[in-house]
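Working notes for the structure below.
The values are calculated or read from the model by the stated rules, or taken from the named source; none is laboratory data. Since we're looking at a predicted model, the values are computed, not measured. A quick note on method: Cβ atoms are made from the backbone with ideal geometry, for glycine too, and the neighbour counts reach across all protein chains shown.
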Amino acid sequence: MRMSKLVRTGADLLYPFALIFGLYIILHGHLTPGGGFQGGAVVATGAAIVIVAWAYEDVAGMIRKVTMKAQESAGLLLFIGTAALALGLGYAFFTNVLANSGSLFGLSVPFGPNPGELNTAGVIPIMNIAVGIEVWGGLTVILLYLLSGLKKEEGS
Amino acid sequence: MIADILVLACLAVGTFFNALGIVGLLRFPDVYTRMHATTKMTTFGSVFTALAVIIYGGASWLGTTDSQYVILAVHTLIAAVALAFTNALGSHAIARGARRSGIRPAPAVVDRLEEVYP
Amino acid sequence: MDLFASLSTGTGYWNPLAWLLATVVAAVIVYLIWRRGESGYKKGTAQTTPFISGNPEPAKGMVHVRASNLYWGYLDALKGYYDLIVPAHTGVVNDYLLWYLGVTAALIIVVVVFV
Amino acid sequence: MIEMLVHLLVIAGLIASALLVYWFRDLLAATLSAGIFSFLISLEFYILQAPDVAISQAAIGAGLTTAIFIVAIRATNRYEGGGS
Amino acid sequence: MKRGLVLLIFVILAGGLLLIPALLDFGVPAFSDMDDYFLKNGQEQTAANNIVTAVVFDYRGFDTLGESVVLFTAVVGVGLMFRHMLKEEEYEDE
Amino acid sequence: MIGYFSPVAFILVALVCLAMVRLVRGPTPADRAVAVDTVNTLIVAVLILLGVVYRQIIFIDVAIVYALLSFVSTLFIAKYIGGEL
Amino acid sequence: MFWNLPFIAVVTLGLIGLATVVTKKNLIKIFLGINIFEAAVNLFLISLGYREGGIAPIFTSAPSTEMVMATPQALTLTSIVIGVATSALLLSFAVIIWKKYGTIDTDQIRRLRE
Amino acid sequence: MIAFFVTFLLVFCIYLLLTAGSGTIGFWSASELIAGAGLSIVVAGITRKFLCRSNNYRMANPLRLLLIPIYILGPFLIEVTVANIDVAGRVITGRIRPGIIRVSSDLKTDLGIFMLANSITLTPGTITVDIDEKTHDLFIHKINIAPGDEEKATVPARELFSFADIPAWIRRIAE
Amino acid sequence: MNGFLMTNAPALLIMLPLIGAFVTPFIGRISPRVRSAWVILIMTLTTLTALLLASDVFLNGTQIYVFGAADPDLAIPPDSGGIPIRIIFTVDAMSALMQVIGAITGFAVLLYSISADRIHSGLESFYTLFLLMIAGIMGMVSTGDLFNFFVFLEILSISSAGLIAYRIDGGLAVEAALKYFVLSTIGAMVILIGIGIYYGEYNALNIAVIASRMQFTLLDQIALVLIIAALAMKCGSVPMHFWTPDAYSMAPSSITAMLVVASQASLYGLFRVVFTLYNVTLNAMTVGWIIIILGVLSMVVGVTMAIPQKNVKRLMAYHAISQTGYMLLGVGVGLAVLGNQPLMESFGYIAMEGGIFHIINHAMYKGLLFLTAGAIFFRIGTYNLNKMGGLGHSMKYTMIFFIIGALAIAGIPPLNGFASKLMIYESVFAFNPVLAVIAMVVSILTLASFVKVFHSIFMGPKLPEYETVQEAPVPMLIGMGVLAAIVILFGLFPQSVVNGLIAPAAHALADQSGYIAAVLGGA
């Protein structure tokens, strides 16, 4: 069942905010506390707000289980692919090949205290994004599955 | 110096209202009146403590022009806004849930929701 | 090479191929003895039907001894032991955890206190 | 010194809320206590200078775990010891 | 009987686990060579300011893969629990 | 100026412990939910204050996450007590 | 006096968690106990890496003094994810058992025994 | 399409707020701006149907958005402070006269009624308990009902506040 | 190319099943045939990688693989002061042996499962979890890092729990999975406490580093107890075996065969901790006797509980417990005399070889037996021994495979069970004659119990309700045949197996300094 109109409106307003904040945490994992997992959890919680404010049937069309599962697998494949990139270049699995290389995310930082720059840290931001996508999908789909179990029980 | 006094004042106000909120939480007779005391007054108090931090950040920024104090102030502002926003919605949701589950306002003089949720 | 080597077991040896050879030899001997036996049975006559003290033979399904009837004597002889051990498998997950923690506690005493 | 006192109080609150989880027979109340336990342990991580873990615990323990526990309570039974 | 046993087990476990606070010092770790290496060289080698992230995704990145796989496994397991069974899938369970 | 913040944090944590009394006393789940909501609010304030005490501006992010996410459990509880889940 | 308070808290919390798991008969209560136990283990790992007067291992523009250890925090992150995965799977088991058995009392969930 | 742009702009502003102080272009660095734009596109693509569910873009007017902080820092803050002091007194003395009343407001849009309800909830002494989804009447739990109000079927929203005309402000912002 | 494969084989061993698992849910949407082909392809590649790696290890000695380093062989960065800082896979002979077991069993089980579980729903998830289970086993046995071991242990437990609960229709399988998973979660957390203690004392997670710094203080004793109790629980030794019969009997048969390997991976962890992490620093006699007592209890209680069982898989599960006891007994005797070189030479190594040989033998014949039980269930739809009978007329090949497995588990020559049991008897006799006598009695009881099973299932006249029963499908027979062939081969040429696989593994297990030297170099 839906919650009251006020909560629904509020959830709709909060969803973009939670999403952008989660993505901010994901992307700034190498500068501030946070990272792929935490940001993914924030995003998934944002989705949970919408799911709880509206009924399961309302959001089932917009936040779909299949998409979320695909997102999860895609995140994992991106993660393992990033790790295997080093294998292709002749280093060991999980080598940070992009760090200090000057290309994407390849700037180097001075040692010691500094405010930080987004475009650093090599493969770490990419892995953060991958894990973030995966956790986003995974936690959302867990919640959806549990709620779908609830629905089925009512039907029988 | 002025910033000092302002921060201290905000902190004092915040602490005072938070403490009163807890006292209300413990004293009031039923869930709705408790909610008046706690969710509102603690939100108000917490926003005031956040305001103290914002003033501190602003004052330090004016003193040092170090951009980290801007970040401090802005992020605290966001936290305070998010807090107020979610608390308002949350207390509404709890009140509605409580009323739907059949808890009536205990010493109420009038209850217009009687006809909606008998 | 050592594909056919014997397995040394500390105090003895074990060679499965030699054992197989011995088995084959034994089988041949048995076969030879068996060959010397009576071979006059005729299929399809009363000679091959079972004889149970003159009673009629029971239906096929009744002949088969079901599993729970096997080893009745053994189970009865060890009744005291089984009465002790079977109820320990209570099926309650709390008890299982308690057993685990109990073993951990016992090991703590054995390893830490007595060593 | 005062940080030490904060630390002490947080640990006291932690143990108290864990005991509440043990003590409540109403599963909903126990879950709420577990939620408070999560908040407090996240605060403890924060005090021990682990903000990454604090965010993680806040997002997971306080947000989603409580949510899925409540969904599971809704799908099963609210009171301890109650049958079908 | 069983209550006493539970109590005894917990007393022993408590005794065993209390050796940890008795023998380990909080706040003054005995060895710290591995972590000093991370703190000293992590920023240079991985160009990440957050050493925790550097450890999570670079030095111990393989653990993080395992962690993600755990979540994936749980999701697949939960999906398996809430699946729709086919008609012909009836068992006689013992 | 930083010296002002930590005593306030201490008082707020003490208030958190006091708020748990309502959690124990109940009597309805709604009361407990109110107590949890209060604890959330107070802890966010504590987090902000401690972030300043430790001079780590990045710690404020934790408070934002808190303020956003504690809302979810409140909503689930409210939906459950309202019988709408 | 309070030299290793967190460790004592770890032991207390761990024992409370284990006691919940062992003595309570309700599945959801048992899972809450498991959650508490996991939290205790996480707290143990984090307190192992704490250094007196250290700051979080993140370089910002704040003045950097001694930092706490980074590895336990990484381990704890992994452990928390494992915790939530475990909780989700356990709860789905409980839901299925409720559907099939009509109870989540462990004294009645014992069709498999002996 | 409008929904996409509105969402994009809002989300981008929030991102800029989050990363303020990172560099030299204004307060921001170049990489943050690029990343923010990219993320905002993603978020806008996902959430445009949620944020703009009602297809009412009156709130997107910058002037109206500018009114919000003025409203919050002006009349609303005064109301909240006064009400807080009032409720603080009630907490100490324990003199209460609670009840649930029906409040009518002629706000039509979802956002308008949402803002009014939140303002009411954030003001101590009043909580929005429920909403009549058809007429947008609010059910308010009030800690101290003025004598005589319990007889009225509906109370106008204006009378809940002592100083400023909050519903009028909200109408100015949202409708 | 060959060099690339050789260098990166440890990484590929984990990577291949994981990639397979991530893609399987989507391949499964295309068509079941494509999915089966994909899973078989992945499993074949994994098996080949495992065999390649094992051959490399047996020929050239311990291989290490450093994740994230510029050079996978460079364990210690030059500026680190002599400690490894990254996650290192250390594949010595023992690990390679376990990998071979896992790969072969997994391959055979997969062939069987493609045919046996055809009609069920949720098969994408089933095969995903299957591949994750393979990845978990491979990771557990090849890692050289304690926390990594814990992570893979969790992957293994979660995927196993999901697979045990696969049949959700009756609720019984879910009950079994619940018990297994609650126990294993608590166990894993306790292991994590142990790992934390090591970390707090020595600030290291690498097994070799901890081993080189090990002092066996009071805390180390606590950690040892926590870890060996948890791992003994996970491998199902009495009195912590209660989850085993439930989980084994309720899982699909193919998964039960994998669960045997999974529990042996825990056994591997136990041996690794005791031998490599502590080795002579611990009081070998006490800990050795603890393991011996656990083993003897497992043997006796397992086999005596097996005899009155009526469910065939439950009976076999109790036998699995009993056989685990043999492994614990053999290796425990080896541990008890560790550090005493003359005794070690005279019977210690033989006992360890017997125990380790029994691991591989047990995986093969117990897997075979569970697969035959599954084939019977596939055809007649029950596990209840009381309802069976006369199947020997219609399921001849299954019967032959069952006979092979049953004779092997009972230790009848010339099958492989006899060879390993003989090694255990003789070496244990030299250590303590009573233990050898107990082991033999248990063996006899095992034979008796399997005679009962054989009689109930296959003997007797054809029952009327099973008139139309046919032979199991061919792919299932192939899966069983692979395992049966290995059982016979190992039985016929035990000495070659011992010389080629087992003795290096046993010596690698006992040789702590070699393990440390492989990672830390020199020393």
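Remarks
- Qualifying residue in segment A:103-122 (condition: away from chain I (no Cβ under 14 Å), within 14 Å of the chain's Cα centre (by Cα) and touching a residue at least 24 places away in the same chain (Cβ under 8 Å)): no
- Helices (runs of 4 or more DSSP H) within chain E that include 1 or more residues polar (S, T, N, Q): E:33-46, E:51-54, E:61-81
- Test: residue in segment D:50-58 that is assigned to a loop (DSSP other than H, G, I, E, B), in contact with an Asp or Glu (Cβ under 8 Å, 6 or more places away or on another chain), farther than 22 Å from residue G:7 by Cβ and free of Cβ contacts under 8 Å to residues at least 60 places away in the same chain: no
- Checked against (1) at the interface with another protein chain (Cβ under 7 Å from one of its Cβ atoms); (2) modelled with pLDDT of 85 or more; (3) farther than 29 Å from residue E:30 by Cα, residue G:27 passes all but a single condition, namely (1).
- Residues (touching a residue at least 12 places away in the same chain (Cβ under 8 Å) and among the basic types (Lys, Arg)) located in segment A:62-78: A:65, A:69
- Conditions (1) in a helix (DSSP H, G or I); (2) more than 30 Å from residue I:387 (Cβ to Cβ): number failed by residue I:414: (1)
- Once segment E:1-21 is narrowed to residues that are loosely packed, with under 15 Cβ neighbours inside 10 Å and in contact with a Leu (Cβ under 9 Å, 6 or more places away or on another chain), the residue that is nearest to residue G:57 (Cα to Cα) is E:5.
- A count restricted to segment E:23-38 and to residues that are more than 7 Å from chain G (Cβ to nearest Cβ) and surrounded by 15 or more Cβ atoms within 10 Å (Cβ to Cβ) stands at 5.
- Residue in segment A:7-18 that is within 11 Å of chain D (Cβ to nearest Cβ) and of a type outside the set (Lys, Arg) present: yes
- Selection status of residue A:2, more than 7 Å from every other protein chain (Cβ to nearest Cβ) and in a helix (DSSP H, G or I): no
- Screening the candidates H:25, H:34 for the property of being loosely packed, with under 13 Cβ neighbours inside 10 Å, farther than 22 Å from residue H:7 by Cα and outside the structural domain of residue H:119 (by TED's automatic domain parsing) yields one hit, H:25.
One line per residue, one yes/no per condition, for (1) closer than 17 Å to residue B:111 by Cα; (2) assigned to a strand (DSSP E or B); (3) free of Cβ contacts under 8 Å to residues at least 40 places away in the same chain; (4) assigned by TED's automatic domain parsing to the domain that holds residue H:94:
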{"site": "H:138", "(1), (2), (3), (4)": "yes, yes, yes, yes"}
{"site": "H:141", "(1), (2), (3), (4)": "yes, yes, no, yes"}
{"site": "H:148", "(1), (2), (3), (4)": "yes, no, yes, yes"}
{"site": "H:158", "(1), (2), (3), (4)": "no, no, yes, yes"}
{"site": "H:169", "(1), (2), (3), (4)": "no, no, no, yes"}
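- Being within 13 Å of chain E (Cβ to nearest Cβ), within 18 Å of residue G:75 (Cα to Cα) and assigned to a helix (DSSP H, G or I) is a condition met by at least one residue of segment I:210-222.
- Yes/no for residue I:142 being away from chain G (no Cβ under 14 Å), surrounded by fewer than 23 Cβ atoms within 10 Å (Cβ to Cβ) and on the phi < 0 side of the Ramachandran plot: no
- Subset of segment A:24-38 that is within 14 Å of chain D (Cβ to nearest Cβ) and outside any loop (DSSP other than H, G, I, E, B) - its residue that is nearest to residue E:72 (Cα to Cα): A:37
- Pair list, Cβ under 6 Å, 6 or more apart: segment I:83-112 residue closer than 30 Å to residue E:42 by Cα, other residue of a type in the set (Asp, Glu) and surrounded by fewer than 24 Cβ atoms within 10 Å (Cβ to Cβ): I:83/E:33
- Hits in segment C:2-53 (condition: on the phi > 0 side of the Ramachandran plot and either at pLDDT below 75 or not polar (S, T, N, Q) (or both)): C:10, C:44
- For segment D:49-81, the set of residues classified as crowded, with 24+ Cβ neighbours inside 10 Å and over 22 Å from residue A:53 (Cα atoms) consists of D:49, D:50, D:51, D:52, D:53, D:54, D:55, D:56, D:57, listed by residue number.
- Top-ranked residue in segment F:47-61 [being under 16 Å from the mean Cα position of the chain (by Cα) and at the interface with chain B (Cβ under 9 Å from one of its Cβ atoms); ranked as surrounded by the most Cβ atoms within 10 Å (Cβ to Cβ)]: F:48
- Here residue H:105 passes the criteria (1) without any contact (Cβ under 8 Å) to a residue 60 or more places away in the chain; (2) of a type in the set (Ser, Thr, Tyr); (3) buried (at least 23 other Cβ atoms within 10 Å of the Cβ) except the one numbered (1).
- Identity of the residue in segment B:14-38, more than 15 Å from residue F:13 (Cα to Cα) and either modelled with pLDDT of 85 or more or basic (Lys, Arg) (or both), that ends up surrounded by the most Cβ atoms within 10 Å (Cβ to Cβ): B:34
- From the list I:399, I:423, the one residue that fits, being of a type outside the set (Lys, Arg), part of a helix (DSSP H, G or I) and crowded, with 24+ Cβ neighbours inside 10 Å, is I:423.
- Conditions (1) at pLDDT 85 or above; (2) touching a helix residue (DSSP H, G or I) at 6+ places or on another chain (Cβ under 6 Å): number failed by residue I:378: (1)
- Among the conditions (1) farther than 30 Å from residue E:76 by Cβ; (2) more than 12 Å from chain I (Cβ to nearest Cβ); (3) of a type outside the set (Val, Ile, Thr), residue G:47 misses just one, which is (2).
- For segment C:1-40, a tally of residues being within 7 Å of chain I (Cβ to nearest Cβ) and more than 26 Å from the chain's Cα centre (by Cα) returns 6.
- Put simply, of D:70, D:36 the only residue that is of a type in the set (A, V, I, L, M, F, W, C) and either in contact with an Asp or Glu (Cβ under 6 Å, 6 or more places away or on another chain) or over 20 Å from residue F:12 (Cβ atoms) (or both) is D:70.
- Only one entry in I:321, I:292 is of a type in the set (A, V, I, L, M, F, W, C), closer than 19 Å to residue I:248 by Cα and assigned to a helix (DSSP H, G or I), namely I:321.
- The residues of segment C:88-115 that are more than 13 Å from chain G (Cβ to nearest Cβ), part of a loop (DSSP other than H, G, I, E, B) and either crowded, with 20+ Cβ neighbours inside 10 Å or of a type in the set (Val, Ile, Thr) (or both) amount to a single one, C:115.
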